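S.K.: Let me give you the structure first, and then I'll get to my questions.
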Amino acid sequence: MLEHSLQRAIKVYANADDASSYVADKIAQIIKTKQEKGDLAILGLATGSTPKGVYKELVRLHQNEGLSFKNVVTFNLDEYYPMHPVEEQSYVVFMKQNLFNHIDIPTNQIHIPDGTLSVEAIKVYCELYEKKIVDLGGLDVQLLGIGRSGHIGFNEPGSLQDSITRLVSLDDITREDASDDFGGRDKVPTQAITMGIQTIVQAKKIFLVALSERKAEIIQKAIQGEISAAVPATFLQQLEHVEYVLDEKAASLL
Ligand code: PGA
């Protein structure tokens, strides 16, 4: 039996499209509310197969219903390291293809961790990434997927609750799951730059989206398992401002 507050935080939809539309509508509402006040909307964004439907719906809202992104500032969760922004596996290319090329967001309002830095430059760069978010008043919303390792962003098992943006090593499961994108597991980078758990939980609203039966086992652990760095997504259980948005297949073991 799930604790009541946690139960309220779980939304289960019949299919991925309905789950994605729900999240896209929530994000659109935040953008519009900020617009009415003349404020910027600060969005934390994710990559991977999961958020594609959310982005597709946001693009539709822009093209067909006049939703503007001119007041939107974005911070992506992560990027492989090393990674050049023109490579097809880069999250820069992903975000352009799935969202940014199709909306009216000013380019200088987009932030994605830089996979081209020298190792020595990463620490200061990450501190600045954090500072930019804080200086803008924090993330209004953070969109998350979940990896089969239990990661959010690239906060793999072992990530601490107070971690901030940093260089990390990727879990074996994560590299396995990315092997098709890179044409083999050995070609998947071993490292990435990711926002930390602390960066993520400080967002004012968090949507963790999980779709398909592939995610059922890790969703069960993330929501009902013991809170532990072994499954970093469990750190969200304690938060009032998180919603788990699932399709029936991802929710099947709850
Ligand atoms: P996926 O990845 O959406 O491609 O399943 C999710 C994640 O690793 O966070």
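Residue-by-condition table, conditions (1) open to solvent by less than 50 Å² (accessible area, probe 1.4 Å); (2) within 18 Å of ILE30 (Cβ to Cβ); (3) without any contact (Cβ under 8 Å) to a residue 12 or more places away in the chain; (4) acidic (Asp, Glu):
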| site | (1), (2), (3), (4) |
| --- | --- |
| ASN108 | no, no, yes, no |
| GLY115 | yes, no, no, no |
| VAL124 | no, no, yes, no |
| LEU128 | no, no, yes, no |
| LYS132 | no, no, no, no |
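S.K.: For region 117-126, give me each residue that is assigned to a helix (DSSP H, G or I) and over 19 Å from the mean Cα position of the chain (by Cα). Lay out the reasoning, then the answer.
M.R.: The initial filter retains those residues of region 117-126 that are assigned to a helix (DSSP H, G or I), namely 119-126.
Passing the criteria: VAL119, GLU120, ALA121, ILE122, LYS123, VAL124, TYR125.
S.K.: Something else now. Output the residue which, of all residues in region 135-146 that are part of a loop (DSSP other than H, G, I, E, B) and open to solvent by less than 10 Å² (accessible area, probe 1.4 Å), is nearest to the ligand (Cβ to nearest atom). Give the derivation first.
M.R.: Here is the first cut: in region 135-146, the residues part of a loop (DSSP other than H, G, I, E, B) are 136-140, 145-146.
Filter again for open to solvent by less than 10 Å² (accessible area, probe 1.4 Å), leaving 139, 146.
Values: LEU139: 17, ILE146: 5 Å.
Top of the filtered list is ILE146.
S.K.: To continue, here is another question. From the list LEU6, LEU67, which one is open to solvent by less than 30 Å² (accessible area, probe 1.4 Å), more than 16 Å from the chain's Cα centre (by Cα) and over 15 Å from VAL141 (Cβ atoms)? Let's see the steps before the verdict.
M.R.: On the way: LEU67 fails: over 15 Å from VAL141 (Cβ atoms).
Only one candidate passes the filter, namely LEU6.
Okay, residues lined up against (1) over 30 Å from ARG60 (Cβ atoms); (2) of a type outside the set (Gly, Ala, Ser); (3) more than 16 Å from the ligand (Cβ to nearest atom):
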site	(1), (2), (3)
VAL92	no, yes, yes
ASN108	no, yes, yes
THR116	yes, yes, yes
ILE133	no, yes, yes
SER159	yes, no, no
ARG166	yes, yes, yes
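S.K.: Output the qualifying pairs, or none if there are none: Cβ atoms under 6 angstrom, residues six or more apart or on different chains, first residue in region 85-102 and free of Cβ contacts under 8 Å to residues at least 40 places away in the same chain, second residue surrounded by 16 or more Cβ atoms within 10 Å (Cβ to Cβ) and part of a helix (DSSP H, G or I).
M.R.: The qualifying pairs are PRO85/VAL92.
S.K.: Separate question: Please pick out the residue among ILE219, ILE173 that is within 16 Å of the ligand (Cβ to nearest atom) and surrounded by 22 or more Cβ atoms within 10 Å (Cβ to Cβ). Full working, then the answer.
M.R.: Numbers: ILE173 fails: surrounded by 22 or more Cβ atoms within 10 Å (Cβ to Cβ).
Of the residues listed, the single one that is within 16 Å of the ligand (Cβ to nearest atom) and surrounded by 22 or more Cβ atoms within 10 Å (Cβ to Cβ) is ILE219.
S.K.: Still on this model: Can you report the number of residues in region 100-116 which are more than 16 Å from ALA41 (Cα to Cα) and assigned to a helix (DSSP H, G or I)? If you could, list the steps in order and put the result at the bottom.
M.R.: Residues of region 100-116 that are more than 16 Å from ALA41 (Cα to Cα), as a first pass: 101-102, 112-116.
Among the residues that remain, those that are also assigned to a helix (DSSP H, G or I) are: 101-102.
The qualifying residues number 2.
The values are calculated or read from the model by the stated rules, or taken from the named source; none is laboratory data. It should be emphasised that the depicted structure is a prediction, and the values quoted were computed from it without experimental measurement. Counting neighbours? That spans all protein chains shown, and the Cβs are built from the backbone with ideal geometry, glycine included. The area values use the complete protein model at the heavy-atom level, side chains included, leaving out ligands, DNA and RNA. Shrake-Rupley method; radii C 1.70, N 1.55, O 1.52, S 1.80 Å.
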